[in-house]
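Beneath this line is the structure, given in structure tokens, with notes to follow.
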Amino acid sequence: MAFDCNKARGVSSPDNRSSVCTEGIIIQANPLSHYWKAKGWKSRNKLGNQKSSYGSIPRDTNTKEDDASGEATASTCGIRCFNDLPAALVCEVLARLDAKDLGIVSCVSTLLHTLATDHQGWKKLYCERWGLPNLPATLNRPVVPGGPLDGKSWKTFFVEREFRSKSFMGKFNVDVLCGHNEDVRAVFLLASANLIFTGGRDSVVRMWNMEEGLLIDSSRPLGGTIRAIAADTRLLVTGGTNAYIQCWRAVDGNVHLFHISGNGTDQTSEFRLWGHEGPVTCLALDSLRIYSGSWDMTVRVWDRTHMECMQKLMHADWVWDLAPHGNTIASTAGRDAYVWDIRNSELTSLISNAHVGNAYSLARTHLANVLFTGGEDGAIRLFDVSDVSDDEDSKPVATWVPHSGPVHSLAFEYPWLVSASSDGRIALIDSRKLLTPKKSSKVPFSVKSFDASAIEPPQRMLHGFGCDLFSIAIGADRIVCAGEDGAVRLWNFSEALEIERRAQALRSLRQENRMRRRKAQAEMNANGRRPDQCSIAMKKNQLKGDKSVT
């Protein structure tokens, strides 16, 4: 199917004519008449020896005859312009395109630019990569509006987020947040509220400002090592060796959302959830539930409305990490990885012996049934569990071994997977080449199949800490990590793209100055004059902007 895009853009040139060959009919777009002209197979001989049906067609001498036959055929076939199609059909066509194709379509004409920019397909593309955005909001504001957010279109949100993801290969600044007296076991980054939460062996939860790196508030000692933290704009939960889940509700009107010190006027915002019989090692939240894993070999699912345990999922070993996605939750226990359907508490996938030793860490994407696991063997593995059952031996799609010690923590934000290890190093892995888009709406992305020897190493390594690293988080253009020395390190990549842009502009200016000097030298040589060193020096200084030299 072809559409008349020149109608919205205006007439360009008399020779701007194209043809598309579909099922025995050549549809020819004439910008002068703004309708489709269809020719039978007999008219194909007029194309001469052109190999491609998309090339330009030379102007025919029998224009009137062609126009008459084209109008007759067009009226018979009922071919219309793009803006004459039903709105549902237009949305269906645009929904089949990926981000790159939508961007190309928006450059074709003014009409297609308007349709492609406002299309809800951008929302789908955004959510497939990063999930629904968590915007700073009051407690009474809906979490995700149905339309554009904060006056921005979904295309703007997508382009800004995609552009920002490139900053992790640029330059950065490192801030060190000091306040904990002993090793830090858990960090959480709530980028939508510019907040960082940390906790560790000193049993105190601390809340930091992400932009300024300043301590905002700290809790009283909770009586055990804090091993897990999770938060959103409505709830903060922590867990540790004391086997309960400490919770704080957001306080309406508080610019920092939570009063974790307990000195606020609302004393009902703090409460605890009891149920686990061992240390709580991992926590996660979604809009309806709280997920917790423990060394009592269970994962518990809590209802956020009534704050009651709804499900208990039994494992064969200590639970180390978990990651929910939709109606499923993935977890690691011992050296195995599990995937559960929380609608019926059934085990849908089991990956046995995912690592040599314990599988300490787990990360999940918004794209598909893809799991990243990190283990005691220092390896990071990628598993595709879309077709794995509990009686199959699943093999990793990809394996990296960037660390010489156990991988204690993984975090994922498309397209970057980051890992923290006891060897004191951080690895950044770009997953874009591993995932390929699908045209099916049910499975938007899948894992590419390729030779394991073709797996690229991590794109970047951050090192030089000299201590064990226990927890890591990534969000927006920040990476937060903490470990044995009690210091919380914050990598700020927000100026990386601007620094790169300035460096590129400086390189372009230097290249332009070199070309000018070479041109001036060539002109003097062509005139048969001997180069005057003083004149060349004067021109160099003029190009540099130094007008004081005469």
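The values are calculated or read from the model by the stated rules, or taken from the named source; none is laboratory data. Source: prediction; values computed, not measured. Note: ideal-geometry Cβ built from the backbone for every residue, glycine included; neighbour counts use all protein chains shown. Heads up: the accessible areas ignore ligands, DNA and RNA and are worked out on the full protein's heavy atoms, side chains in. Shrake-Rupley method; radii C 1.70, N 1.55, O 1.52, S 1.80 Å.
If I filter region 314-325 for residues that are over 21 Å from GLN246 (Cβ atoms), at pLDDT below 95 and in contact with an Asp or Glu (Cβ under 6 Å, 6 or more places away or on another chain), do I get at least one hit?
no
Between a first residue in region 245-271 that is assigned to a loop (DSSP other than H, G, I, E, B) and surrounded by 11 or more Cβ atoms within 10 Å (Cβ to Cβ) and a second residue that is polar (S, T, N, Q) and at pLDDT 75 or above, which pairs have beta carbons less than 6 Å apart while being 6 or more apart in sequence or on different chains?
VAL251/SER269; ILE260/SER219
So, in region 178-187, how many residues would count as being crowded, with 23+ Cβ neighbours inside 10 Å and either of a type in the set (A, V, I, L, M, F, W, C) or in a loop (DSSP other than H, G, I, E, B) (or both)? Walk me through it before giving the result.
Residues of region 178-187 that are crowded, with 23+ Cβ neighbours inside 10 Å, as a first pass: 184-187.
Add one more test, that the residue is either of a type in the set (A, V, I, L, M, F, W, C) or in a loop (DSSP other than H, G, I, E, B) (or both), and what stays is 184, 186-187.
Count: 3.
Tell me, yes or no, whether region 404-412 has at least one residue that is among the hydroxyl-bearing types (Ser, Thr, Tyr), assigned to a loop (DSSP other than H, G, I, E, B) and modelled with pLDDT under 90.
Residues of region 404-412 among the hydroxyl-bearing types (Ser, Thr, Tyr): 404, 409.
Those left that are additionally assigned to a loop (DSSP other than H, G, I, E, B): 404.
With the extra rule that they be modelled with pLDDT under 90, the set shrinks to none.
Looking through region 404-412, none of the residues is among the hydroxyl-bearing types (Ser, Thr, Tyr), assigned to a loop (DSSP other than H, G, I, E, B) and modelled with pLDDT under 90.
Just to be sure I understand the filter: pairs with C-beta atoms under 8 Å, separated by 6 or more residues or on different chains, first member in region 193-216 and buried (at least 19 other Cβ atoms within 10 Å of the Cβ), second member in a loop (DSSP other than H, G, I, E, B) and of a type in the set (Phe, Trp, Tyr). Which pairs pass?
If the second residue must be in a loop (DSSP other than H, G, I, E, B) and of a type in the set (Phe, Trp, Tyr), the pairs left are MET207/PHE258.
Out of ARG272, ARG234, which single residue is touching a strand residue (DSSP E or B) at 6+ places or on another chain (Cβ under 9 Å), modelled with pLDDT of 90 or more and within 23 Å of ALA473 (Cα to Cα)? So that I can check it myself, show each step before the final result.
Details: ARG272 fails: within 23 Å of ALA473 (Cα to Cα).
On inspection, the qualifying residue turns out to be ARG234.
Out of the residues in region 104-145 meeting the condition of being outside any helix (DSSP H, G or I) and farther than 27 Å from PHE258 by Cα, tell me which one is modelled with the lowest pLDDT. Spell out how you get there, then give the answer.
To start, the set of residues in region 104-145 that are outside any helix (DSSP H, G or I) comprises 106-109, 119-120, 131-145.
Applying the additional criterion that residues be farther than 27 Å from PHE258 by Cα yields 106-109, 119-120.
Values: SER106: 72, CYS107: 74, VAL108: 72, SER109: 70, HIS119: 65, GLN120: 69.
Checking each candidate, the answer is HIS119.
Taking only pairs six or more apart or across chains, which ones have beta-carbon atoms under 6 Å, a first residue in region 148-169 that is of a type in the set (D, E, K, R), and a second residue that is surrounded by fewer than 16 Cβ atoms within 10 Å (Cβ to Cβ) and modelled with pLDDT of 75 or more?
none
Out of curiosity, is GLY275 without any contact (Cβ under 8 Å) to a residue 60 or more places away in the chain, crowded, with 17+ Cβ neighbours inside 10 Å and either touching an Asp or Glu at 6+ places or on another chain (Cβ under 7 Å) or outside any loop (DSSP other than H, G, I, E, B) (or both)?
In short, no.
Out of the residues in region 368-378 that are under 30 Å from ASP98 (Cα atoms) and open to solvent by less than 10 Å² (accessible area, probe 1.4 Å), which is farthest from the chain's Cα centre (by Cα)?
Of the residues in region 368-378, the ones under 30 Å from ASP98 (Cα atoms) are 368-373.
Filter again for open to solvent by less than 10 Å² (accessible area, probe 1.4 Å), leaving 370-373.
On the way: VAL370: 14, LEU371: 16, PHE372: 15, THR373: 19 Å.
Taking the candidates together, the pick is THR373.
For region 395-416, state whether one or more residues are closer than 24 Å to GLY239 by Cα, within 19 Å of the chain's Cα centre (by Cα) and surrounded by fewer than 22 Cβ atoms within 10 Å (Cβ to Cβ).
Yes; the residues of region 395-416 include at least one that is closer than 24 Å to GLY239 by Cα, within 19 Å of the chain's Cα centre (by Cα) and surrounded by fewer than 22 Cβ atoms within 10 Å (Cβ to Cβ).
Residues to consider are LEU469, LEU506; find the one that is modelled with pLDDT of 85 or more and open to solvent by 60 Å² or more (accessible area, probe 1.4 Å). Steps first, please.
Values: LEU469 fails: open to solvent by 60 Å² or more (accessible area, probe 1.4 Å).
Of the residues listed, the single one that is modelled with pLDDT of 85 or more and open to solvent by 60 Å² or more (accessible area, probe 1.4 Å) is LEU506.
For region 281-305, which positions are in contact with a His (Cβ under 6 Å, 6 or more places away or on another chain) and either of a type in the set (A, V, I, L, M, F, W, C) or under 24 Å from THR233 (Cβ atoms) (or both)? Outline the logic, then answer.
Going residue by residue through region 281-305, those that are in contact with a His (Cβ under 6 Å, 6 or more places away or on another chain) are 294, 296-297.
The one that is in contact with a His (Cβ under 6 Å, 6 or more places away or on another chain) and either of a type in the set (A, V, I, L, M, F, W, C) or under 24 Å from THR233 (Cβ atoms) (or both): MET297.
Considering only region 291-308, state which residues are out of contact with any Cys (no Cβ under 8 Å at 6 or more places or on another chain), open to solvent by less than 20 Å² (accessible area, probe 1.4 Å) and among the hydrophobic types (A, V, I, L, M, F, W, C).
Scanning region 291-308 gives a single hit, VAL299.
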